[in-house]
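J.: The following block contains the structure, expressed as structure tokens.
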Amino acid sequence: VHFHSFLISFICCFSLTLDCQDIANKGATTSGLYYVKPLNAKEQFLVYCEIDSFGRGFTVIQRRQDGSVDFNKDWTQYKNGFGYLSPGDNTEFWLGNEKIHLLTATTTIPTVLRIELVDWEGNKKYADYNMFKLGSEADMFRLTYGYYFGGDAGDFYTSHNGMQFSTFDKDNDKYDGNCAQQDGSGWWMNRCHAAHLNGKYYLEFGYDNGIIWVTWHNRWYSLKETTMKIIPLSRITAGGQQAGAKQFAGLGV
């Protein structure tokens with residue numbers, strides 16, 4: 001399994017870069033496709049970097065915007081990543097659990113996970129989680145984070161903290177059945193979910209296996225767009241604001 005990427009000529013390279021913040025620190029000022037090589041990674045891999053005017057470099061690990069990519073994938077596909085990377089950030093993808101593990105497990109500075117959400121009315125919300133890490137495949141890519149760091153979307157990720165990743169062919173949830181098979185996508189399932197950003201993409205309401213964030217809209221409301229991205233804690237408040245929250249670079253604003 002590998003990514004398809006558009007316009008290879010737009011891919012930029014910097015030597016020995018750990019993540020997108022490292023790329024920004026070395027002078028990159030434009031969002032786009034870059035190669036990174038975290039500590040313990042055997043080889044470099046391609047990521048989409050969102051670089052803002054404050055010099056912050058977010059590494060994007062998930063993008064949903066139009067339902068063009070089916071997120072009902074097996075364990076290996078979620079491990080390696082799937083979808084399409086594009087320099088204009090106008091495609092859907094899952095970066096890959098192994099890559100997310102490498103990006104978060106070997107850093108000396110805590111990592112913040114930022115989740116950005118857009119509903120069908122164009123409203124935008126976000127939530128930040130500090131000390132975000134993904135365990136290794138031996139631990140089934142277990143999700144852990146220290147605490148909810150803020151935002152206006154509300155915190156409904158807590159029930160997923162400490163959960164192992166589940167897919168339809170590898171059931172690691174706390175439910176008697178198979179949540180990933182039932183919901184049609186991979187996620188850190190508990191019994192089964194309160195937040196679910198890899199859910200089925202719906203153009204209408206009335207389904208509880210869609211793209212869900214219950215503390216904003218109810219479980220029958222499937223969101224229009226999502227972004228999951230990571231950045232070192234030391235850079236999250238650059239520019240005097242935690243988020244730049246009202247100007248989502250990469251969400252067409």
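The values are calculated or read from the model by the stated rules, or taken from the named source; none is laboratory data. Only a predicted model underlies this, so the values are computations on that prediction, with no experimental measurement involved. In this analysis, Cβ positions are derived from the backbone assuming ideal geometry, glycine residues included, and neighbour counts consider all displayed protein chains.
J.: Scan the range 119-139 for residues that are touching a residue at least 24 places away in the same chain (Cβ under 8 Å) and closer than 24 Å to residue 167 by Cα and jot them down.
T.: Matches in the range 119-139: 129, 132, 133, 134, 135, 136, 137, 139.
J.: Still on this model: I want to confirm something. Restricting to the range 189-215 and keeping residues that are modelled with pLDDT under 90 and aromatic (Phe, Trp, Tyr), which single residue is nearest to residue 160 (Cα to Cα)?
T.: Ranking the candidates gives 207 first.
J.: I've got another one for you. Given the residues 76, 29, which is the only one that is within 23 Å of residue 180 (Cβ to Cβ) and over 16 Å from the mean Cα position of the chain (by Cα)?
T.: Only one candidate passes the filter, namely 76.
J.: Checking the structure you have, find out if any residue of the range 218-235 is at pLDDT below 90, under 24 Å from residue 133 (Cβ atoms) and either within 19 Å of the chain's Cα centre (by Cα) or part of a loop (DSSP other than H, G, I, E, B) (or both).
T.: No, that holds for no residue.
J.: Quick check on residue 136: is it more than 24 Å from residue 41 (Cβ to Cβ), of a type in the set (Gly, Ala, Ser) and either surrounded by 17 or more Cβ atoms within 10 Å (Cβ to Cβ) or touching a helix residue (DSSP H, G or I) at 6+ places or on another chain (Cβ under 9 Å) (or both)?
T.: Judged against the criteria, residue 136 is not a match.
J.: Of the residues 162, 186, which single one is modelled with pLDDT of 85 or more, under 19 Å from the mean Cα position of the chain (by Cα) and under 25 Å from residue 118 (Cα atoms)?
T.: Residue meeting the stated conditions: 186.
J.: Identify, by number, the condition in (1) of a type in the set (A, V, I, L, M, F, W, C); (2) assigned to a loop (DSSP other than H, G, I, E, B); (3) surrounded by fewer than 24 Cβ atoms within 10 Å (Cβ to Cβ) that residue 189 doesn't meet.
T.: (3)
J.: Next question. For the list (1) surrounded by 15 or more Cβ atoms within 10 Å (Cβ to Cβ); (2) in contact with a Ser or Thr (Cβ under 8 Å, 6 or more places away or on another chain); (3) under 24 Å from residue 76 (Cβ atoms), I need the number of the one condition that residue 161 fails.
T.: Failing condition for residue 161: (3).
J.: Residue by residue through the range 94-133, note down the ones that are in contact with a Lys or Arg (Cβ under 6 Å, 6 or more places away or on another chain), of a type in the set (Val, Ile, Thr) and not in a strand (DSSP E or B).
T.: Correct list: 104 only.
J.: Further question: In the range 45-55, is there at least one residue being under 16 Å from the mean Cα position of the chain (by Cα), over 24 Å from residue 139 (Cα atoms) and either of a type in the set (Asp, Glu) or part of a helix (DSSP H, G or I) (or both)?
T.: Yes, some residue in the range 45-55 is under 16 Å from the mean Cα position of the chain (by Cα), over 24 Å from residue 139 (Cα atoms) and either of a type in the set (Asp, Glu) or part of a helix (DSSP H, G or I) (or both).
J.: On to the next question. Determine, yes or no, whether residue 208 is acidic (Asp, Glu), assigned to a loop (DSSP other than H, G, I, E, B), farther than 28 Å from residue 99 by Cα and in contact with a Phe, Trp or Tyr (Cβ under 8 Å, 6 or more places away or on another chain).
T.: So residue 208 passes the test.
J.: Tell me which residues, restricted to the range 163-177, are over 12 Å from residue 142 (Cβ atoms) and assigned to a strand (DSSP E or B).
T.: 167, 170
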